[in-house]
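Bear in mind that the values in this text are calculations on the coordinates, not laboratory data. Quick caveat: nothing in here was measured; it's all calculated off a predicted structure. Neighbour counts are summed over all protein chains in view; Cβ atoms, including those assigned to glycine, are modelled from backbone coordinates with ideal geometry.
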Amino acid sequence: MSKENILIINCGSSSLKFSVINPRDGDEKISGVAERLSTPEASVRWTFQGNKKMAEIPSANHFKVFSKLMDLLGETCLFDTIEGIGHRVVHGGETFKESCVITDDVIQGIEACIHLAPLHNPAHLIGIRTAIEYFPSLKQIAVFDTSFHQTMPEHAYIYAVPYEYYEEHGLRRYGMHGTSYRYVSAKAAEMLGLELSDSAILVAHLGNGASAAAVLNGESVDTTMGLTPLEGLVMGTRSGSLDPNVFSFLNKTYGYTLEEITDILHKQSGLLGISGLQNDCRVIEKAAAEGNRRAQLALDVFCYVLAKHLAGLFVALGRIDALVFTGGIGENSGLIRKKVLALMGVFDFYISDELNEKLRFGNEGVITSTDSTVAMVIATNEELMIAQDTAVLIS
Ligand code: AMP
């Protein structure tokens with residue numbers, strides 16, 4: 001059996017996503033997610049050859065999920081086809097400007113970035129260490145969400161606070177979703193027949209977490225997320241940018257602690273906070289269509305803040321070849337795309353309702369008329385990027 005596939009691991013604090021992908025043709029052999037780890041409700045769901053399955057794994061931790069994963073890879077005859085393992089790592093700070101083979105030094109480097117991503121990096125390290133234990137003969141690669149944005153110029157990443165905080169502890173803007181931007185901007189250039197090295201592409205990655213980035217000649221020159229994934233756009237449950245004095249306001253008015261306010265801004269805000277309903281854009285769109293005022297307001301704020309940020313990112317690009325929508329909302333919501341482009345009329349976007357309505361569920365292409373600045377939809381594929389980086393680095 002030929003070793004042609006890459007195992008991709010994305011370890012969160014209470015979840016573990018996995019997939020096995022052929023990096024050459026993008027064929028996904030198996031994919032799954034284990035959730036609510038270390039609780040009595042822990043379970044794992046996976047899809048293999050179109051069949052969806054689920055198993056309860058009460059109180060399983062990450063280590064036990066790997067054991068289950070080994071069983072699955074054995075049962076599906078995929079185990080012997082794996083040539084390397086790619087790990088998604090959220091924060092690489094300024095240390096990791098590109099993907100790299102995992103060594104003891106790299107593990108120490110990821111540890112040194114824990115203060116920048118205290119929820120994510122420790123979980124990634126558990127995934128990496130466990131994978132090394134289970135697959136000692138395979139090379140392991142780390143692919144960082146932040147590395148694509150390491151090309152941002154200083155004026156785009158420095159916060160206007162005392163400079164020593166940056167020098168001493170790395171307080172600056174880093175940006176996230178870099179793997180998605182790298183994939184989508186290259187695909188957009190290819191689809192439009194442009195040289196990536198001579199292209200100006202604005203990307204709106206709109207999932208439950210959302211951000212936008214300006215990609216000039218294949219390099220990130222600015223993005224909306226900052227030190228953490230809280231900055232920037234309105235998201236499913238995250239507030240996005242707000243006046244930093246909101247912290248003292250909530251503390252003085254309600255007596256909330258720093259931890260409680262952080263939790264509110266990460267988990268109870270965004271579409272959920274404004275609508276009072278849910279973080280799922282589909283639910284909000286349906287409620288708004290049925291006349292729910294706060295659901296409508298949530299959509300209005302989401303689109304307005306997005307359009308304002310996209311307009312701001314034009315400054316970083318200087319010109320524009322295309323605006324690309326991606327992520328669960330960007331790929332599927334014709335309504336959000338239409339509202340955002342209407343707000344950006346000053347940049348000569350003219351939507352084609354027919355094309356816009358057609359593009360969802362993985363369909364890709366242009367959604368604007370021929371006399372318009374180009375806006376398009378591309379389905380992001382971070383897993384394929386991780387698989388391709390892994391294949392290159394292990395060979
Ligand atoms: P992601 O994090 O990229 O998986 O995206 C999740 C988001 O995509 C959720 O807010 C979903 O509600 C949203 N989404 C998925 N399908 C649709 C759809 N058909 N219309 C609107 N939003 C959608």
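The long axis of helix 258-267 is offset from the longest Cα principal axis of the chain by roughly 80 degrees. Each residue in L194, L343 was given a count of other beta-carbon atoms within 10 angstrom of its own, and listing them fewest first yields L194, L343. Across the range 76-92, rounded Karplus estimates of 3J(HN,Hα) from the backbone phi angles (6.51 cos²θ - 1.76 cosθ + 1.60, θ = phi - 60°) give 8, 6, 9, 3, 6, 8, 8, 9, x, 10, x, 10, 7, 10, 5, 10, x Hz, Gly and Pro being marked x.
Only beta bridges with both residues in the chain are counted; by DSSP, about 70 percent of them are antiparallel. With viscosity 1.002 mPa s and temperature 20 °C, the Kirkwood radius over alpha carbon pairs of the range 318-395 converts through Stokes-Einstein to a diffusion coefficient of 159 µm²/s.
Structural descriptor for the range 50-173: relative contact order 31 percent, calculated from alpha carbon pairs under 8 angstrom and at least 6 residues apart. Using a cut-off of 27 Å between Cα atoms, the listed pairs K29/K97; K187/K267; K97/K267; K29/K139; K187/K358; K52/K187 include K29/K97; K187/K267; K97/K267; K52/K187 as exceeding that distance. Distance from the Cα centroid of the range 303-354 to that of the range 141-195 is 20 Å (rounded to whole angstrom).
Highest mean packing first, where packing is the average number of other Cβ atoms within 10 Å per residue, the peptides 103-110, 8-15 line up as 8-15, 103-110. Here the chain yields Rg over Rh of 0.96, to two decimals, using C-alpha coordinates and the Kirkwood radius.
By the count of neighbouring beta-carbon atoms within 10 Å, fewest first, I85, I386 end up ordered I85, I386. Taking Cβ atoms as reference points and 14 Å as the exclusive limit, the residues near Y174 contribute a net charge of -2, counting Lys and Arg as +1 and Asp and Glu as -1. Seen against the Cα atoms of the chain and their longest principal axis, helix 121-134 is set at about 30 degrees.
For the range 137-264, the fraction of C-alpha pairs farther apart than 18 angstrom is 61 percent. Within the straight-line cut-off of under 12 Å between alpha carbons, none of the aspartates and glutamates are reachable from K53, sequence neighbours fewer than 8 places apart in one chain being disregarded. Counting Lys and Arg as +1 and Asp and Glu as -1 over every other residue whose Cβ lies under 12 Å from the Cβ of A123, the net charge comes to +3. Reported to the nearest whole Å, the Cα centre-to-centre distance from the range 96-123 to the range 364-395 is 26. Footprinting exposure proxy ranking of S185, S147, fewest other C-beta atoms within 10 angstrom first, gives S147, S185. Normalised by the number of residues in the range 248-323, the average gap of Cα pairs under 8 Å and 6 or more apart makes the relative contact order 18 percent.
For the range 1-56 versus the range 209-234, the inter-centroid distance based on Cα atoms is 28 Å. The mean sequence distance of close C-alpha pairs (under 8 Å, at least 6 residues apart), as a share of the length of the chain, puts its relative contact order at 14 percent. Under the convention that each Lys and Arg Cβ holds +1 and each Asp and Glu Cβ holds -1, the size of the dipole of the chain around its Cα centre is about 1020 debye.
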